[in-house]
Amino acid sequence: MNPLNTRPVFKIVSQLLVCVAALVVILGANSGYHTLRTVKLGGEGGWDYLTVDSAAHRLYVSHATHVMVVDADADKVVGDIPGTEGVHGIALVPELGRGFTSNGRSSTVTIFDLKTLAIISTVKITGTNPDAIVYDPVTKRVFTMNGRSNDATAIDAATGEVAGTIELGGRPEFAVSDFAGHLYVNLEDKSEELQLDPRGLKVLARWPMAPCESPSGLAIDRAHHRLFAGCRNKMMAVIDAETGKVVATPAIGAGVDANAFDPGTQFAFSSNGDGTLTVVHEDSPNSFTVVENVATERGARTMALDEKTHNVYLVTAEFGPAPAPTPEQPRPRPPMVPDTFHVIVVGR
């Protein structure tokens, strides 16, 4: 071959690139995620959020009036935090050795010891019906998003004292910290994203989320300043955390309530009540591909991600047939079958 004739080389390289592209498409058709196992928890009552402590290999699961603590390695319940009436979420502060629960029915926050699980104190918040709860390491404050009073309560994580309130102007759902001086929260009834100042306790920006409707779960890619909001009209709104612009709306399953982002794999997740876990890949900060909808179980609409193992934990139960509609309950929910509450572990 003439050393100056590079056409054969280009041809070979082009063919290799085509093969690589085809392989990427094939691999991209499947995330590798599937159900690894289920863990029976049992008991009665509803549930909401769950939280992973990767360092301690523990999973915290809200369960109506208490929080169940599961050994993530042994797949067994190893503790319980009682007296959390209407518990929604759990926030962990490892540097202080403390955990915090948002108790919607009693409008309180329970502070507990992460090692012993003993209750340290119970804090009466300034608002009502605290739902999501998040820790901001910059201010060292824990924030509850109060669904009925449309505000957020700030609590000093070290002292347990209430530091103040932020009026939100709408019903908050989930919230995240960017670890750089900002909090973000979805307003479910307004379909807005708020950027908050956790130190000055004020709203910095208010961004419309259209075409997203009724946002619930929220996750963040801190490296690329992207927010991932689960929307009830079956889309994931990807939002620029600096400008508020909606940059993408990949399709997800129905009945979303939680979202997560894994910086190690660049996967964003949506857990959906229709029994699917939508996996979306961040190809670039402005380009996102729906990889697949992994089969889970009906009602598994909240989740927690372990960024070390890359496993996703979801909870649900078995359900019986829905009762007949009545004027008071035109859309009755199917009853939970007793003692069927369980964790679904999804991994690769």
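The values are calculated or read from the model by the stated rules, or taken from the named source; none is laboratory data. On a predicted model such as this, the values are computed, not experimentally measured, just so you know. Here Cβ is always computed from backbone atoms with ideal geometry, including for glycine, and neighbour counts include all displayed protein chains. When the accessible area is computed, the model is the full protein with side chains, heavy atoms only, and any ligands, DNA or RNA have been set aside. Shrake-Rupley method; radii C 1.70, N 1.55, O 1.52, S 1.80 Å.
Let me know the shape class of the chain, please: from the alpha-carbon gyration tensor, a ≥ b ≥ c as square roots of the eigenvalues, rounded when a/c is under 1.5, otherwise prolate if a/b is greater than b/c, or oblate. Judged from the Cα gyration tensor, the chain comes out prolate (a/c at least 1.5, a/b above b/c). For the range 169-177, putting each phi into the Karplus relation 6.51 cos²θ - 1.76 cosθ + 1.60 with θ = phi - 60° gives couplings of x, x, 7, x, 10, 7, 9, 9, 10 Hz, in residue order, rounded to whole numbers and with x for Gly and Pro.
Between rounded, prolate and oblate, where does the range 219-277 land on the alpha carbon gyration tensor, with a ≥ b ≥ c its root eigenvalues, rounded for a/c under 1.5, else prolate if a/b exceeds b/c? Oblate, since a/c reaches 1.5 and b/c is not below a/b. Per-residue extension of 0.36 nm, minus the Cα-Cα distance of Ala324 and Ala295, leaves a gain of 7.6 nm for this segment. Between the alpha-carbon centres of the range 163-225 and the range 253-288 there is a gap of 19 Å. Of interest is the spacing of the C-alpha centroids, which for the range 322-348 and the range 117-139 amounts to 28 Å.
The portion of the accessible surface of the chain made up by carbon and sulfur, rounded to a whole percent, is 55 (1.4 Å probe; DNA, RNA and ligands excluded). Among the GluC sites (Glu not before Pro) found in the range 262-307, those both in a DSSP coil and sparsely packed, with 15 or fewer other Cβ atoms within 10 Å of their Cβ, are Glu307. Computed from the alpha carbon atoms alone, the convex hull of the range 83-139 holds 75 Å³ per residue.
The figure for Arg199 is an accessible area of roughly 150 square angstrom, using a 1.4 Å probe on the protein chains alone.
Only lysines eight or more places from Lys115 in sequence, or on another chain, were considered; those with a Cα closer than 27 Å are Lys40, Lys76, Lys124, Lys140, Lys308.
According to the square roots a ≥ b ≥ c of the eigenvalues of the Cα gyration tensor, what is the shape class of the range 28-113, taking rounded for a/c under 1.5, prolate for a/b larger than b/c otherwise, and oblate for the remainder? Here the range 28-113 falls in the prolate category. Residues whose amide H comes within less than 5 Å of that of His66, counting only those at least five positions distant or on another chain, are Thr84, Val87 (H built at 1.01 Å from N in the peptide plane). Summing charges over all other residues whose Cβ lies under 9 Å from the Cβ of Asn272, with Lys and Arg as +1 and Asp and Glu as -1, gives 0.
Using Cβ point charges alone (K and R +1, D and E -1), the dipole size of the range 159-242 about the Cα centre works out to roughly 80 debye.
Treating r as the C-beta distance of Asn286 and Asp73 and R0 as 45 Å, the FRET efficiency rounds to 0.70. Applying the criteria of a DSSP loop state and at most 11 other Cβ atoms within 10 Å to the GluC sites (Glu not before Pro) of the range 142-244 yields Glu161. Once the chain from Asp156 to Lys40 is taken as fully extended at 0.36 nm per residue, the excess over their C-alpha distance is 38.2 nm. Accessible area per residue for the chain, computed on protein heavy atoms with a 1.4 Å probe, is 44 Å². The long axis of helix 7-28 is offset from the longest Cα principal axis of the chain by roughly 20 degrees. Glu95 versus Gln266, label points 7 Å from Cα toward the beta carbon: distance in nm? Label-label distance for Glu95 and Gln266, simple model: 3.0 nm. Note on Asp197 and His57: the model spin-label points, each 7 Å out from Cα along the C-beta direction, lie 4.5 nm apart.
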